[in-house]
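Asks: One structure follows; several queries about it will come next.
The values are calculated or read from the model by the stated rules, or taken from the named source; none is laboratory data. Predicted, not measured: the structure shown is a model, and the values here were computed from it. With ideal geometry, Cβ positions are generated from the backbone for all residues, glycine too; neighbour counts draw on all protein chains shown.
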């Protein structure tokens, strides 16, 4: 029986963000923007959705008097990502 | 990158995950600066100490009191500067931080507590070299940079020889040790960093 792919993660930009965050301890907004090649507005919206789902933690601070947004994946995010990859593999194996 | 791409296939999703993870993994911050800085400082200090010693200058070891604090100040300034420009903290950075802290504490104990008992000068540089090698081997493994580990092996070997040598010869061995363990790997790391930028 197939489990449905998590709709929060089954979106290109959100999946890209989570994949980046799973590989690092924490990352600044501009780093994620550069790696995903997304626009600031779009990235902000998607980060907010991930935060609302409890998948990431967002910390706002200041660096050299400029606002700084730092993101890190939460334990729920790690679990969701692992489940997503597991389900994805099942889909791919059946299609082979 | 598009906002919602609901027609993203499973294969495309897997490819995206792989690309992003690889992209984050390629994050290399280390340009070998600290290895070169401390390598050259110790190399020069050891040779000056040796020269003054053979010239029978009584305060031959004074050079260390100048170069080591200088290295500390430069490292702190560079550390703050790097932290400001660092946009991502990888798990490698995190583990390295722990290793460097452990290395710093061990060095501090050897440099400041061990000399309190003057009879231990015979073991001072060899023990210092053992700590250098231990840290270099661990750091080389963490950042997957073999020259650091080869350097560690060479320093370990030199430390063994050094235990049986007199103080003046130990200084020469120390200089050779930091050349192979810090200076050469530091330059190689710098070359790798510049290629990746």
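Asks: Which residues, counting only those in the range B:115-145, are within 13 Å of the chain's Cα centre (by Cα), surrounded by fewer than 19 Cβ atoms within 10 Å (Cβ to Cβ) and at pLDDT below 95?
Replies: Across the range B:115-145, the qualifying residues are B:141, B:142, B:143.
Asks: Of all residues in the range A:62-73, how many are surrounded by fewer than 16 Cβ atoms within 10 Å (Cβ to Cβ) and in contact with a strand residue (DSSP E or B) (Cβ under 8 Å, 6 or more places away or on another chain)?
Replies: Selection size over the range A:62-73: 4.
Asks: Does at least one position in the range B:88-99 carry a residue that is farther than 30 Å from residue A:43 by Cβ, within 21 Å of the chain's Cα centre (by Cα) and within 14 Å of chain A (Cβ to nearest Cβ)?
Replies: First pass over the range B:88-99, keeping only residues farther than 30 Å from residue A:43 by Cβ: B:98-99.
Cutting the leftovers down to within 21 Å of the chain's Cα centre (by Cα) gives us B:98-99.
Now narrow it down to the ones that are within 14 Å of chain A (Cβ to nearest Cβ): B:98.
Yes, because at least one residue in the range B:88-99 is farther than 30 Å from residue A:43 by Cβ, within 21 Å of the chain's Cα centre (by Cα) and within 14 Å of chain A (Cβ to nearest Cβ).
Asks: When residue B:12 is evaluated against the numbered criteria (1) buried (at least 16 other Cβ atoms within 10 Å of the Cβ); (2) in a helix (DSSP H, G or I), which criterion, by number, is the only one it fails?
Replies: Residue B:12 satisfies all of (1) buried (at least 16 other Cβ atoms within 10 Å of the Cβ); (2) in a helix (DSSP H, G or I) except (1).
Asks: Quick check on my filter: what residues within the range B:15-36 are under 19 Å from residue B:178 (Cα atoms) and surrounded by fewer than 18 Cβ atoms within 10 Å (Cβ to Cβ)?
Replies: Hit for the range B:15-36 is B:33, nothing else.
Asks: Continuing with this model, one more query. Answer yes or no: is there a residue in the range B:47-59 that is in contact with a helix residue (DSSP H, G or I) (Cβ under 8 Å, 6 or more places away or on another chain), closer than 22 Å to residue B:185 by Cβ and modelled with pLDDT of 90 or more.
Replies: Yes, the range B:47-59 has at least one match.
Asks: Same structure again: Test of understanding: among B:42, B:73, B:89, which residue is more than 20 Å from residue B:193 (Cβ to Cβ) and surrounded by 16 or more Cβ atoms within 10 Å (Cβ to Cβ)?
Replies: Answer to the selection: B:42.
Asks: Right, here's the next one. Being farther than 16 Å from residue B:90 by Cα, in contact (Cβ under 8 Å) with a residue 40 or more places away in the chain and within 10 Å of the chain's Cα centre (by Cα): is that true of residue A:49 here?
Replies: Against the criterion (farther than 16 Å from residue B:90 by Cα, in contact (Cβ under 8 Å) with a residue 40 or more places away in the chain and within 10 Å of the chain's Cα centre (by Cα)), residue A:49 qualifies.
Asks: Where in the range A:11-61 are the helices (runs of 4 or more DSSP H), entirely inside, with at least 3 residues that are out of contact with any strand residue (DSSP E or B) (no Cβ under 9 Å at 6 or more places or on another chain) and more than 7 Å from chain B (Cβ to nearest Cβ)?
Replies: Hits in the range A:11-61: A:40-52.
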